[in-house]
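Written below as C-alpha cells is the structure these notes are about.
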Amino acid sequence: MDHEVFTRQQYGEIAQFIRARTERRPTVGLILGSGLNALADEMTDADRLAFDQIPGFVGTTVQGHQGKLVFGNISGQEVVIMQGRVHAYEGHSMQRVTLPVRVMAELGVRTLIVTNAAGGVNPSFRAGDLMLIVDHIGFMTMVGGNPLWGPNDETLGPRFPAMNNAYDKQLRRLTLEVARERGIDLKQGVYAGLGGPTFETPAEIRFLRMAGADACGMSTVPEVIVARHMGLRVLGISGISNATIDDPDAEESANHEEVLAAGREMTPKLMDLIRGVLERLPN
Ligand code: HPA
C-alpha cells in the first residue's frame, strides 16, 4: 500500500487556488457516486472546476464519474459537490483519494454528505433501494490501508479518532424524517467498504452477510474516516444498484453497466431526499 504525506499547508494552498476561481463559500460537501451525477448536472448558476485543473487532485478514470468540483446553492445551502471520486484501485494512495475531503474542510465545509452505488448484501434489499448508512466496516482500513497512516497533524485532528459516531445521529434522524415526509422508502444498514475493483465472490458475499453488512462498495470509508478525523458531521447514503450474488452456480454476474443504469434510475429519489435534508439542515 502506497503512502503519501500531504501537509496542512498544501491543503490550504489548494483551497486558496480554488477560492481564487469561485466566489462561493460552501459549508456543505457532497460526494456523488457512480451514476449519481444528475444533482450536479442540473445545477444552474454553478461554478465548475475539473479535477485535473486543480493542484493535488487527480482525474477519475471510472466511467460514470465526471471528475468535477461543482460549487452552487441547493435548497438555500452553499454546497460543493464532488461529481465523481477517485478510488485507491485506480492506483492512488489513500492520502490522495481523501485529499479532496481535506480541501473541502479547508474551504469551510462542516457537513459532508457521501453517496455511493453499492451492492445489496441484505437479501431483502432490491436494486433501486436507498440505504441510510448507519455504520460501516472498513475492511481495507482495518488492516492498514487507512488514510490516517503516517504522521498525524494535530491541527487537523487527533492521532486516535473515535469512529463509533461516524454517521451523525442527528443527521440520520433528520434524513429519516425527510424520507417519511416525502414518501421515500429509506432502508438503513451497515456499509462494507472493500478494495475493489473485483466484484465479490459468492463466498465473500455470504461472509459479508455473516459479518453484519447490508451493502458493499468500493469507496466512502476512507473519505468518512478523514472527515471524522477533522470533526466534520457525516451523512452517508448508499444507492443499491444491484443484488449481489451469493450462489456459486448462479447464471448472472455483477457488472458496472447495471450499476450505472440503476444509479440513473435512483437519482431522482436521491436528489429529492438530499434536497429535503439540505432544506432542513441547521446552519
Ligand atoms: N459490489 C461492490 N461494489 C459495488 C457493487 C457490488 O456489487 N455494486 C456497486 N458497487
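The values are calculated or read from the model by the stated rules, or taken from the named source; none is laboratory data. Computed from a prediction, not measured in an experiment: that's the story for all the values here. Here the Cβ is made from the backbone with ideal geometry for all residues, glycine too, and neighbour counts use every protein chain on show. For the accessible areas, the whole protein counts, side chains as well, though only heavy atoms, and no ligand, DNA or RNA atoms are used. Shrake-Rupley method; radii C 1.70, N 1.55, O 1.52, S 1.80 Å.
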With respect to LEU270, is the statement that it is of a type in the set (A, V, I, L, M, F, W, C), touching a helix residue (DSSP H, G or I) at 6+ places or on another chain (Cβ under 9 Å), at pLDDT below 95 and crowded, with 17+ Cβ neighbours inside 10 Å true? yes
For GLY236, indicate whether it is outside any helix (DSSP H, G or I) and open to solvent by less than 10 Å² (accessible area, probe 1.4 Å). yes
So which strands (runs of 3 or more DSSP E) are wholly in segment 1-96 and hold at least 3 residues that are at negative phi, surrounded by 17 or more Cβ atoms within 10 Å (Cβ to Cβ) and not polar (S, T, N, Q)? 28-32, 68-74, 77-83
Scan segment 182-231 for residues that are hydrophobic (A, V, I, L, M, F, W, C), in a loop (DSSP other than H, G, I, E, B) and touching a residue at least 60 places away in the same chain (Cβ under 8 Å) and report the count. 5
Does any residue of segment 276-283 turn out to be open to solvent by less than 20 Å² (accessible area, probe 1.4 Å), β-branched (Val, Ile, Thr), under 19 Å from GLY84 (Cα atoms) and under 18 Å from the mean Cα position of the chain (by Cα)? no
Please go through segment 118-133 and pick out each residue that is within 16 Å of the ligand (Cβ to nearest atom), open to solvent by less than 20 Å² (accessible area, probe 1.4 Å) and touching a helix residue (DSSP H, G or I) at 6+ places or on another chain (Cβ under 7 Å). VAL121, GLY128, LEU130
When both residues are 6+ apart or on different chains and their Cβ atoms are under 6 Å apart, which pairs have a first residue that lies in segment 14-37 and is farther than 20 Å from GLU258 by Cα, and a second that is crowded, with 24+ Cβ neighbours inside 10 Å and charged (D, E, K, R)? ILE31/ARG85
From the set of residues in segment 251-267 that are among the small types (Gly, Ala, Ser) and open to solvent by less than 70 Å² (accessible area, probe 1.4 Å), which is nearest to THR198 (Cα to Cα)? ALA254
Selection status of ASN146, of a type in the set (S, T, N, Q) and open to solvent by 50 Å² or more (accessible area, probe 1.4 Å): no
May I ask you to list the residues in segment 200-227 that are under 13 Å from the mean Cα position of the chain (by Cα) and charged (D, E, K, R)? GLU223
Scan segment 232-251 and report the pairs whose first residue is among the acidic types (Asp, Glu) and whose second residue is within 11 Å of the ligand (Cβ to nearest atom) and open to solvent by less than 20 Å² (accessible area, probe 1.4 Å), with Cβ atoms within less than 8 Å and a gap of 6+ or a chain change. ASP246/ILE205
By residue number, the members of segment 146-199 that are away from the ligand (no atom under 16 Å from the Cβ), among the β-branched types (Val, Ile, Thr) and closer than 26 Å to ALA127 by Cβ are THR175, VAL178, ILE184
Subset of segment 28-55 (residues that are within 27 Å of LEU148 (Cβ to Cβ) and either touching a helix residue (DSSP H, G or I) at 6+ places or on another chain (Cβ under 9 Å) or of a type in the set (Lys, Arg) (or both)): VAL28, GLY29, LEU30, ILE31, LEU32, GLY33, SER34, LEU36, LEU49, PHE51, ILE54, PRO55
Which one of the conditions (1) surrounded by 18 or more Cβ atoms within 10 Å (Cβ to Cβ); (2) under 15 Å from the mean Cα position of the chain (by Cα); (3) within 16 Å of the ligand (Cβ to nearest atom) does VAL109 fail to meet, given that it meets all the rest? (3)
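Quick check on segment 200-224: of everything there that is within 27 Å of THR175 (Cα to Cα) and open to solvent by 10 Å² or more (accessible area, probe 1.4 Å), which residue is farthest from the ligand (Cβ to nearest atom)?
So the residue we want is GLY212.
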On the given criteria, is MET94 under 28 Å from ILE184 (Cβ atoms) and of a type in the set (A, V, I, L, M)? no
